[in-house]
Every structure is written in structure tokens, then in C-alpha cells.
Amino acid sequence: MDGSLHRQPASPLIDRFGREIRYLRLSVTDRCDLRCVYCMAERPDFLPRSELLTLEELSAIGRHFIARGVTKIRITGGEPLVRRDVIDLIEALGQHVGEGLDELTLTTNATQLAPHAERLARAGVRRINVSLDSLDAHRYARLTRGGSLETCLAGIAAARDAGIAIKINAVALKGENEAELPDLIAWAHGQGFDATLIEVMPLGEVGQDRADQFLPLSAVRDDLITRWTLTDLPDRTGGPSRYVRVEETGGRLGFITPLTSNFCAGCNRVRLTCTGELYTCLGHEGAIDLKSAFRQSGPAGLEACLEAAMATKPERHNFDVSRGAAPSVSRNMARTGG
Ligand code: SAM
Ligand code: SF4
């Protein structure tokens with residue numbers, strides 16, 4: 001793939017609330033080899049493959065975003081590593097690390113990480129997020145609807161051995177991994193990994209009332225401080241996480257709290273789906289058809305989309321996880337790009 005950058009004036013992307021957009025989440029597929037109970041239905045309808053952006057298109061679009069001041073790209077999905085040849089895209093974008101791009105990273109469930117870890121590291125991926133909600137093999141299989149904890153842990157070990165820094169992401173789930181969270185955090189810290197807890201968001205139908213899944217992280221934090229000393233850290237990684245140091249483990253712990261503490265004022269990101277829809281907010285329905293614009297008008301079409309995106313990015317989401325509430329948006333996280 002062509003690694004050259006579109007050379008054009010790099011005026012940064014700034015929305016109508018003055019927020020600079022420096023972060024692109026690039027989804028390469030909505031498909032996944034797992035079926036996490038909070039993410040998708042047991043039998044999801046996946047998008048037709050014929051509608052996907054090609055890897056060459058994704059690469060060209062990524063380069064355009066870099067030229068417009070995006071400094072961080074996260075490859076995501078669905079499960080990004082189930083898309084055939086996705087490593088070619090990662091290698092192409094990796095050429096820009098240190099040259100416009102500060103960070104190229106990935107969010108993965110780790111099932112396919114073992115065979116890919118070395119190449120990812122060579123492509124310039126320094127850090128990844130791995131989703132892992134339980135260290136109990138039975139619970140892991142239940143939450144992922146059939147996943148193998150052993151495979152996930154083997155993927156994590158391969159990435160660590162390849163020199164990639166790892167952050168473990170766990171969605172906090174009421175009555176599920178609730179009691180296990182301190183052990184999961186202690187394990188991650190013991191391995192030298194960061195850990196982040198995430199509140200479940202009402203995205204798409206998953207066959208269960210979100211009120212039965214939602215566990216406020218304010219309550220988790222209250223529980224953690226009965227065991228540990230948590231010291232607030234000023235660290236920001238370009239995301240919504242707020243970090244503490246767990247003094248007893250020496251590790252870093254993040255909290256992503258879209259429900260109990262809204263961080264939209266500092267939002268610096270947009271998301272592109274695998275079919276080329278540009279979403280400026282996880283919690284709103286409106287998308288911009290970037291694929292058609294790009295196919296019809298090339299870079300000029302992309303520019304028009306970015307202008308429209310900056311003019312319409314919503315101020316904030318309005319998630320509602322009260323009992324009986326409809327999903328805040330119809331699409332699940334795997335569709336938008338997590
Ligand atoms: N398959 C990859 C993975 O699981 O890491 C990447 C895509 S996944 C959609 C990205 C992240 O979104 C994961 O950390 C997952 O736990 C999280 N996620 C999915 N649905 C969610 C929901 N409804 N609320 C909160 N987090 C969610
Ligand atoms: Fe797949 Fe990630 Fe969604 Fe789980 S959270 S079903 S691993 S896309």
C-alpha cells in the first residue's frame with residue numbers, strides 16, 4: 001500500500017464547541033468471533049461484506065485524517081484481527097508513527113493475537129487494549145458466549161513477549177464480574193499491565209435489560225477504597241479514562257464512566273465504521289456517508305465530510321440505562337467501532 005501522505009494545509013479539525021479532534025477510531029469490521037453479552041445479540045446481523053471499505057481505502061482515509069491533525073488512530077471493530085490482511089493496513093498506517101501520527105493502537109479481544117503479535121510490534125504498535133472481563137474460565141465463556149479464556153491469555157502473553165504494552169479493559173457487570181473486579185485488577189497490575197473499568201452503555205439490543213447489567217463505577221470505587229489506597233493521577237491518554245494509582249499494587253487503574261460522570265466536554269474523537277459511516281458521537285444516530293463522498297470525489301469528498309462533521313458533532317450523549325429504557329442508539333458498539 002502507498003505510504004505517502006496527502007500533502008495539504010494541516011488546519012486542525014475543531015468542532016463548534018472548540019474541541020480539537022485528534023483521535024480517529026477506525027473500525028475494520030463489525031464481525032467478531034465472540035458474542036459478548038453486553039455488546040451484541042446472540043445472533044447478530046452483520047453488515048454485507050460487499051459494503052466494506054477496502055483496506056486501501058481505509059489506509060488512504062487514515063492518511064487524510066493524519067494530514068488534518070489526527071495524531072492517534074485506534075484500529076477496532078468488531079474484532080479487528082478477524083479481518084483478513086488487516087495487518088497490511090496496520091503496517092501501512094504504521095509508517096506514519098513519528099511522522100504525524102503519535103500513536104497507532106488496537107483494541108482486541110486477543111483471540112487472534114498470538115499469531116499476529118510480532119508483526120504488530122514491528123508495524124509500530126506500542127500499546128494495545130485487550131478486553132477481558134473475567135479470569136474465571138466459566139464466567140469468561142458465559143460473558144463472551146463461548147470464548148476460551150486460555151486462548152485470550154495466550155494472546156496477551158504473546159503481545160507482552162513482543163514488547164507491546166497492554167491495558168486490560170473490563171466492562172463492570174452487575175452480579176457478574178462485580179465481585180471479581182479487585183482480583184482482575186490485581187492480576188493485571190501483577191503482570192505489569194494497566195487496567196481500566198468501563199460502565200456498560202445502552203448501545204443496541206442485546207436481549208437483556210441494560211438495568212440488569214449496569215454497575216455504576218462510583219459503587220465499585222467505593223468498594224475498592226475499603227481495600228486499597230487510590231491516588232488520583234493527572235494522566236490522560238487521549239481518552240475518557242480518569243486514572244488512579246493503586247498504592248498496594250503499584251499499578252494504574254482507569255475509570256470510564258459515561259453514565260455516572262460525563263466527560264463529553266473533552267471529547268477529541270470521531271469514529272469511522274467499516275462501511276465508511278463517520279460518527280461524531282457514540283450516543284447519537286446521525287452519520288455522514290464518507291464512503292460515497294470518497295468514492296465520488298476523493299480527497300475533496302473527504303474534506304466536505306470533515307467540514308460537515310465539525311459542524312454537527314453533538315455536544316454530548318444522553319445515555320439512559322433505567323429499567324425499560326430503549327437503547328440510546330440502535331447500533332451496537334461493534335458496529336460503530338469500540
Ligand atoms: N472486539 C474488540 C474488543 O472487544 O476489544 C474491539 C471492539 S469492542 C466493541 C471495544 C470495546 O467496547 C471493548 O472493550 C468492549 O468491552 C466494549 N464494549 C462493547 N459494548 C459495550 C457496551 N455496550 N458498553 C460498554 N462497553 C462496551
Ligand atoms: Fe466482539 Fe469486542 Fe463485542 Fe466482545 S466486545 S462481542 S469481543 S466486538
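The values are calculated or read from the model by the stated rules, or taken from the named source; none is laboratory data. Source: prediction; values computed, not measured. Cβ coordinates were reconstructed from backbone atoms using ideal geometry, including for glycine residues, and neighbour counts include every protein chain displayed. Ligands, DNA and RNA are excluded from the accessible area calculation, which covers all protein heavy atoms including side chains. Shrake-Rupley method; radii C 1.70, N 1.55, O 1.52, S 1.80 Å.
Some points to look at:
- Restricting the range 8-63 to trypsin sites (Lys or Arg not before Pro) in coil, as DSSP defines it, with at most 15 other Cβ within 10 Å: Arg16
- In the chain, lysine pairs with alpha-carbon atoms under 25 angstrom apart (chain gap of 8 or more, or interchain): 4
- For the range 245-338, the list of trypsin sites (Lys or Arg not before Pro) that fall in a loop by DSSP and count at most 14 other C-beta atoms within 10 angstrom reads Arg323.
- Prolate/oblate/rounded label for the range 13-336 (Cα gyration tensor, a/c 1.5): rounded
- Helix 55-67 and the longest principal axis of the Cα set of the chain meet at an angle near 90°.
- Sequence of Ser134, Ser11 from largest to smallest accessible area, 1.4 Å probe: Ser11, Ser134
- Stretch in the chain that is longest and holds no GluC sites (Glu not before Pro) that DSSP places in a loop and that have at most 16 other beta carbons within 10 Å: 100-204
- Student exercise, the range 13-336 dipole from Lys, Arg, Asp, Glu Cβ charges, in Debye to nearest 20: 440 debye
- With respect to the chain, whose longest principal axis is taken over its alpha-carbon atoms, helix 113-122 is tilted by about 50°.
- DSSP-defined beta bridges in the chain - what % are antiparallel, rounded to 5: 30 percent
- Taking the protein heavy atoms of the range 13-336 in the context of the full set of protein chains, the accessible area attributed to carbon and sulfur is 48 percent at 1.4 Å.
- Annotation for the range 261-293 versus the range 88-147: alpha-carbon center distance of 21 Å.
- Using Cβ point charges alone (K and R +1, D and E -1), the dipole size of the range 268-338 about the Cα centre works out to roughly 260 debye.
- Its Cα centre serving as origin, the range 91-248 has a Cβ charge dipole (Lys and Arg +1, Asp and Glu -1) of approximately 280 debye.
- Averaging the Cα positions of each part gives two centres, and for the range 8-67 and the range 173-199 these lie 27 Å apart.
- Helical runs assigned H by DSSP (4 residues or longer) give the chain a calculated mean residue ellipticity at 222 nm of -8500 deg cm²/dmol, each run adding -39500 (n - 2.57) before division by the residue total.
- Degrees between helix 290-312 axis and first principal axis of the chain (Cα, 0 to 90, nearest 10): 60 degrees
- Probe 1.4 Å, protein heavy atoms only - accessible area per residue of the range 13-336 in square angstrom: 40 Å²
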